[in-house]
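Notes follow the structure.
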Amino acid sequence: MKKVVTLLVAIAGAALFFSCGGNGGSNAGAAKGYQFGEEKTFHSDDLVTYTMSFSDASWYPKVDTWESEGVFKKIQDKTNVHLELTSYDSGDYNQKINLAINSGNAAYIIPKVYSEDQYVAGGGVIAVSDYTQYMPNFTAFVKKYNMEPDLDTIRQNDGKFYRLPGMHQAALQDYTIMVREDIFEAAGINIREEEKNWTWERLHDILVQVKQYMVSKGMCKDSDYIWSDLWCGTSGKGSGGNLLKLMSTSYNCLSGWAIEGSNGGIKWDASKKQFYSSSISDDFKKFITVANSFVKDGLLDPESFTQEDDVANNKFFNGTTVIKSTNRSTMSNDIASVEKILGAGNFKIYVTAYPSGTTKNLAETSRLECGVMISQKAKDELGEDGLIKLMRFVDWMFYSKEAYTLTKWGVEGETWQYVDVNGMKVKKLLPGYKCGGLGIGGGDDDVDIRLKWGYACGNYFYGHSTAESTDNFTPEVQDLYARYGKYKTVATVDPKAKPTEDQRETMNLIAVPLTDNINTWTLNFVTGKKDINNDWDAYVKSCKDLKIDEIVKMTNDIYAAQK
């Protein structure tokens, strides 16, 4: 049955306080030197320092004011917890935390983790599910929105999970594409009608028509590309990133960001009730053929898969290109950047529901997203009682409404305020402020609260109820989600095989070089360095030589044994 994306509005439940042993009590934690509880501010009687790794994005790099007067100072003011940060460039964040975990030097708190599978076997991170009983905000959300089936998808063979995920009340698609609607219209394309039922193949034909128009008007040369994309070069981590994720999931396979942690593109075949590798499937061949057509026909710049994100953005902002990826956090800023260069009234931009392939499914299927791991080092150095205290702080920071609002918007009365909109209380930035992380633009002299103080940074706010996760949505974004509901569907989440630690280690030894091989071949196919028809058999053989059949068999055997 077709599942339509919906936006639900939720109100958090009544306050519930837990003692250190997990029992109720209004003086929760007092005997241990700290206060905590559901929707109660965590506060340590004594100043405590916890180490935390930090994924530092080049497009909004951390600066000193984040710690001296911004988000981390505000967290300390409220909780008496000092966060000692170890920053890694976001482009190699996974590699750096992996090295730190394996060497025993990881930070206590490790956020921004999309897949924990590779870290479990080595024992460098704890089974956080052993401690959720001490996390009142986490457990209240799980109960209220029936998150247990979702959490089951990240449990390992031992029945435990090792990542505290961001939890959503409902799945929300974030990334999509925006186009220069004025140029599309001039070329005879009604993009608002096209998006209702379009495919990637149709987008290809549309872009051919648009480019022909642009060449005829002297807006570009025939040798120029009219699409140069971001989030698939350096930030794409060598896999094609966002763009190949969107395209591949449209063809029922995994590529780009979506292949991470999938053991080589493993998917579930519901009709056969077994796992297979989507990376050598007919769907995958169709996907790379369509992706390559954009490059082969001079539409998509192949340098998209190696360049920095700023390069792609600047080309779109100055009118050199007419299409690029965007998301709800950046689209308002993207439009403001175009206006700054081209001038108000000299362009029209439209954010589309991106095309379909063989399915109309959105790329996002799960209500879970990236989350937080806790290192074994934290347990070793803090002891059991100290670890429980840490977990209660983590519970407040990542799962309370208070911390969510603080880390996303800042302090009420300092950076934002409530305003009345049609009888509803709505958060709004105060005059003089803007925020790229919230998709809220402003003037050149306005202060970006993310750039200056670190609010709305992707390291520490994700998940929560739909009402909270959409509280910054502009009317344009709300309209986009309404169109998602009309034109797209949500796929069923695949079941998961849960290997033992030994099995996980064996699978990782296969999966890492296999996935690297798949990513290399994929980019070569998409950019035209390899011919899909002539080299397909060689690609499949390379995957088989790297034991793709073995890892598929292991996955099916493990799944069969756990039923």
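Overview of values
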| quantity | calculated |
| --- | --- |
| Computed E for ASP502/LYS296 - FRET, C-beta separation, R0 51 angstrom, nearest 0.05 | 0.70 |
| Anisotropy class of the range 163-315 from Cα gyration tensor, a/c 1.5 cut | prolate |
| Cross-link pairs LYS245/LYS563; LYS427/LYS488; LYS245/LYS267; LYS160/LYS389; LYS211/LYS267; LYS32/LYS62 - those with Cα-Cα distance over 25 Å | LYS245/LYS563; LYS427/LYS488; LYS211/LYS267; LYS32/LYS62 |
| Length released on extending from SER87 to ASP282, taking residue separation times 0.36 nm less the Cα-Cα span | 66.0 nm |
| Tail fraction, Cα-Cα pairs, the range 382-536, threshold 19 Å, whole percent | 73 |
| For the range 111-172: span of alpha carbons on each principal axis (Å, largest first) | 34, 27, 22 |
| Fraction of beta bridges assigned by DSSP in the chain that are antiparallel (%, nearest 5) | 65 |
| Two-site label geometry, GLU185 and ASN422: point separation in nm, points 7 Å out along Cα→Cβ | 2.5 |
| Separation in nanometres of the label points that stand 7 Å from Cα toward Cβ, at LYS348 and ASP130 | 6.1 |
| Solvent-accessible surface (1.4 angstrom probe) belonging to TYR114, in square angstrom, nearest 10 | 110 |
| Cα gyration tensor shape of the chain, rounded if a/c is under 1.5, else prolate or oblate by comparing a/b with b/c | oblate |
| Centre separation in Å (Cα based) which lies between the range 411-454 and the range 64-110 | 25 |
| Those trypsin sites (Lys or Arg not before Pro) in the range 502-540 that DSSP places in a loop and that have at most 16 other beta carbons within 10 Å | LYS529 |
| Estimated FRET transfer efficiency when R0 is 30 angstrom, pair GLU308-GLU384 (beta carbons, to 0.05) | 0.10 |
| Using a Förster distance of 30 Å, the FRET efficiency for THR358-GLN212 (Cβ separation, nearest 0.05) | 0.60 |
| Amide hydrogen neighbours beyond the local backbone of ASN361, cut-off 5 Å, H modeled | THR489 |
| Whether the range 311-377 is rounded, prolate or oblate, judged on the alpha carbon gyration tensor where a/c under 1.5 counts as rounded | oblate |
| Percent accessible area from carbon and sulfur atoms, the chain, protein chains only, probe 1.4 Å | 48 |
| Rg/Rg_ref, the range 73-136, where Rg_ref = 2.2 N^0.38 Å and atoms are Cα | 1.28 |
| Where the chain is the region considered: accessible area per residue in Å², 1.4 Å probe | 41 |
| Rg/Rg_ref, the range 241-319, where Rg_ref = 2.2 N^0.38 Å and atoms are Cα | 1.29 |
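The values are calculated or read from the model by the stated rules, or taken from the named source; none is laboratory data. All values reported here derive from a predicted model rather than from experimental measurement. Cβ coordinates were reconstructed from backbone atoms using ideal geometry, including for glycine residues, and neighbour counts include every protein chain displayed. When the accessible area is computed, the model is the full protein with side chains, heavy atoms only, and any ligands, DNA or RNA have been set aside. Shrake-Rupley method; radii C 1.70, N 1.55, O 1.52, S 1.80 Å.
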